[in-house]
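The values are calculated or read from the model by the stated rules, or taken from the named source; none is laboratory data. What you see is a predicted model, and the numbers here were worked out from it, not measured in a lab. So basically every Cβ, Gly included, is an ideal-geometry build from the backbone, and we count neighbours across all protein chains shown.
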Amino acid sequence: MTTNNGRAFTAPQLEGAVWKKSSYSGDSQGQCVEVAALTFAPFAGMRAIRDSKNPDGPALVFPESSITGFLADLADGKFGN
């Protein structure tokens, strides 16, 4: 299975992932994302991101380095206000 940047996978393909919701989401059922650090083959060392309102829907899988770089760019304000 190829794991290209941003490829979508289904919930059954990521069974066993431990999802964490953003601490900024609060207790409401509003729009939020969840992230899972993947430790099982063939996804070991990657991160998955999904819509918390649709946990059985698709999740995007990225290399850890891509997520780290994206978060660093956010912190540096590279995406504007």
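Miscellaneous remarks
- Unmet requirement for A11, which otherwise passes all of (1) closer than 24 Å to G69 by Cβ; (2) in contact with a Gly (Cβ under 8 Å, 6 or more places away or on another chain); (3) modelled with pLDDT under 90: (1)
- Number of residues in region 41-57 that are of a type outside the set (D, E, K, R) and either more than 14 Å from W19 (Cα to Cα) or not in a loop (DSSP other than H, G, I, E, B) (or both) equals 8.
- Counting only residues that are of a type in the set (F, W, Y) and part of a loop (DSSP other than H, G, I, E, B), region 61-81 holds 1 of them.
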